[in-house]
1. For segment B:218-240, give me each residue that is touching a Leu at 6+ places or on another chain (Cβ under 8 Å) and within 14 Å of another protein chain (Cβ to nearest Cβ).
2. Could you tell me whether segment B:143-158 includes any residue that is loosely packed, with under 15 Cβ neighbours inside 10 Å, farther than 26 Å from B:Gly68 by Cα and of a type outside the set (Asp, Glu)?
3. Within segment B:30-143, considering only helices (runs of 4 or more DSSP H) that don't extend past its boundaries, which have at least 1 residues that are among the hydroxyl-bearing types (Ser, Thr, Tyr) and without any contact (Cβ under 8 Å) to a residue 24 or more places away in the chain?
4. Scan segment B:244-252 and give yes if some residue there is touching a strand residue (DSSP E or B) at 6+ places or on another chain (Cβ under 8 Å) and either part of a loop (DSSP other than H, G, I, E, B) or within 14 Å of chain A (Cβ to nearest Cβ) (or both), otherwise no.
5. Say we look at segment B:179-202 and pick out the residues that are small (Gly, Ala, Ser) and surrounded by fewer than 24 Cβ atoms within 10 Å (Cβ to Cβ); which of these is nearest to the other protein chains (Cβ to nearest Cβ)?
6. Could you tell me whether any residue of segment B:171-178 is more than 14 Å from chain A (Cβ to nearest Cβ), under 18 Å from the mean Cα position of the chain (by Cα) and at pLDDT 95 or above?
7. What's the number of the only condition in (1) surrounded by fewer than 18 Cβ atoms within 10 Å (Cβ to Cβ); (2) within 14 Å of chain B (Cβ to nearest Cβ); (3) more than 18 Å from the chain's Cα centre (by Cα) that A:Thr80 fails to meet?
8. Within 14 Å of chain B (Cβ to nearest Cβ) and farther than 19 Å from A:Leu104 by Cα, is that true of A:Met25?
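The values are calculated or read from the model by the stated rules, or taken from the named source; none is laboratory data. What you are looking at is a predicted structure, and each value in this text was computed from that prediction instead of being measured. Using ideal geometry, Cβ is built from the backbone for each residue, glycine included, and neighbour counts are taken over all protein chains shown.
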Amino acid sequence: MRETKYWTWHMAAGVVILFLLGLHMLIMHTGGITHLFAPAGGASVSKENSLYRDGRLFFTVGYIVLLGVALYHGLYGLRTILFEVTLKPAVEKALSVILLILGLGLFGLGTWAAIAAHAIAVAGTRG
Amino acid sequence: MAEKKEAVRTVRFHITRYNPEKDRAPYVKVYDVPVREGMTVLDGLHYIRENLDASLAWRYSCRMGVCGSCGMLLNGRPTLACNTQILHVAGTDLTVGPLPNFHVVRDLVPDLASMFDKHRAIRPFIVRADAAEIDDPEGEFYQTPEELEAYLQFTYCIKCGCCMAACPTLATDTRYLGPMPLAAAQRYNTDTRDGGRRERNQVTGSAHGAFRCHYAGECSRVCPKGVDPAKAIQHLKRQLVLDYLHLARRRKPCAKLHGPGQGKRLENIPAAPPKTV
C-alpha cells in the first residue's frame, strides 16, 4: 500500500499545483494591467513589485508550499518513468533514496531563499 | 453434402519464424496460401503445415475463441487466429508473428508463464474467512443482478494474453502486472462473495501494480472477448485510493443464504420436458 500512498499524494499535489501555479501565472502575466499584487506599476517582476510580494507572509508560505508540491510531483513522476525501464529492485531502492535526498535538498534551499527574501523585504519596508 | 468452396485469392503469409535452439534471431518466411471464403488464419496455418512446411509451430486448441491458446500478432494487432477470417484482415499480404511482450518458445508460440505467475499473485479466486465453506461448499450466496453486473464482463476473460501483448507499459516494464491480472483482481474484488480485497491491495498497489497504467486503452481495444481491462484498472486505482484514505465502504462478504435443500422452493415450476436423446 506504500505505492498507493505515494500515488494519492502525487494526485493531491497536482491539484495544489493547478491552483498555485494558476495564481502565479495570473500575477506574472496580468500584473502589469490589473496591478494584482503589483502595486508599483510596470512589470510584475520588477524589484518593487517583487519586494512587495516577498514581504507578505501569504506569498512566502505560498512559495514554500508550491516548491514542496512541485518537487514531490515532479520527482515522483521522474521516479515512475525510471521504474518503467525495468530496473533491479536494489537499483529502484537506491534511486528512491537519491531522489528523496535531492528533493529534500532542493526544498531546503528553496525554503531558505523564500524566507531570506521575506526577511529582506520586511527589513526594507521598515527602512 | 456442401461443396468445397473455390479459393478466392492467394494471400502471402509473412510468418516470423524462430527456433531458439537453431536460430540466432527471428526471421520472416513467406508462404502463399490459397484462401477460401470463411477461412480463418488458423486454417491458413494448418494449410501451411500440411502442404508447405511441417516445421511451423503454433499453439491452438478449441478453434472457436474460447480457450485463448491461439493469440498471435496479425498485421500488427494481437488477436486470436481462430476467430479472425483471413479475408477480413488481409488483402494480398498478411503478417503473422508471436505475441509481443512474451518470450518466444518457438515460431508463433509465446511463453505465457510470466502472465500466469502474475495472475496467481493476485489470488484469482474467492477468498473468504470461512475456509470450511470454500473447501466444501454447501450453501448458496445471494447476489443481486446489479452486483453480478458489476463484475460479469471481467469473467469473460479467456487469458489469451492479447491485452498483455498490446500494453505499452508492459513493453518497457516487464515487472508491471499487466491488464489481465489487474482486471482479474478487480473481478474478484467486486464480487460480493469475496473478502480478499485487502490482501490483493498489497499486490495491485505495489510499485509495479495498477498505478503504472497510463490508460493507453490498447488492452480494451484488442480484447477478442470484449472485456474492458482498462476500465477495471481505473476502478482498481479508485478503490486503492479510497482504501488508503479509509473512505471505502466497509463490506463483509455476503453470508450464506441457506444450506442444501433448505431454501424456499418456487411453486408451479413446470416439469422438464421428456428426454429426446
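1. Scanning segment B:218-240 gives B:Ile233, B:Leu236.
2. Among the residues of segment B:143-158, at least one is loosely packed, with under 15 Cβ neighbours inside 10 Å, farther than 26 Å from B:Gly68 by Cα and of a type outside the set (Asp, Glu), which makes the answer yes.
3. By residue number, B:41-47.
4. No; the residues of segment B:244-252 include none that is touching a strand residue (DSSP E or B) at 6+ places or on another chain (Cβ under 8 Å) and either part of a loop (DSSP other than H, G, I, E, B) or within 14 Å of chain A (Cβ to nearest Cβ) (or both).
5. By that ranking, first place goes to B:Gly196.
6. Taking every residue of segment B:171-178 in turn, none turns out to be more than 14 Å from chain A (Cβ to nearest Cβ), under 18 Å from the mean Cα position of the chain (by Cα) and at pLDDT 95 or above.
7. (1)
8. So A:Met25 fails the test.
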